[in-house]
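Every number in this text was worked out from the coordinates using simple rules, so none of it is lab data. Worth saying up front: this structure is predicted, and the values here are computed from it rather than measured. Please note: Cβ atoms are built from the backbone with ideal geometry, for glycine as well, and neighbour counts cover all protein chains shown.
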Amino acid sequence: MSRPRDVLMAAVIGAHGLKGEVKVKAFTVDPETLGAYGPLSTKDGRRFTIEALRPIGDDEAIVAFAEVKDRNASEALKGTELYVPREKLPEAKGDEFYHADLIGLEAFDKDGRRIGAVESIQNYGAGDVLVIAADEGEEILLAFTKDNVPDIDIANSRIIVAVPDEIDAGDEEQ
């Protein structure tokens, strides 16, 4: 599995007004930082430069892009995900991680046995959950806590996870 290069910063959730502004859901700590790292881009390579931004809550903002000048164009952007290259972002501090840094890491148990690789990070409302694509073909969902993931070694592309007993028991039954 390849490691992602880009970090998801926001998603367009709808048009706003008649002049091409859009409403976005920001995945940053502060929506005002959306334009701090240069133009935003889409997976298909389109680039958008923020001309103006007004936060309207903890995780939403109204954004005017230089490339979007009317409501029809802004309506066409609904659902568009906006990214920046990972290298444009500052290094994470302490026990903070960018999802893009975790995806693709190999997962090992405490005895050094490879379990699989981190496929994605999901959040269903109660906190982040690592989705590990197990080498046996199953998915393992693991709450992303210090107890469950005691060691993260991004430099060596690996994490150590506390494998739940029911997974170990399942391996022994085979």
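Filter region 115-142 down to the residues that are more than 14 Å from residue 102 (Cα to Cα) and not in a loop (DSSP other than H, G, I, E, B) and list them by number. Answer for region 115-142, where residues must be more than 14 Å from residue 102 (Cα to Cα) and not in a loop (DSSP other than H, G, I, E, B): 115, 123, 134, 139, 140, 141.
Exactly one residue among 98, 124 is aromatic (Phe, Trp, Tyr), under 17 Å from residue 153 (Cα atoms) and surrounded by fewer than 18 Cβ atoms within 10 Å (Cβ to Cβ), and that residue is 98.
With respect to (1) under 30 Å from residue 156 (Cβ atoms); (2) of a type in the set (Gly, Ala, Ser); (3) surrounded by 12 or more Cβ atoms within 10 Å (Cβ to Cβ), the lone exception for residue 61 is condition (1).
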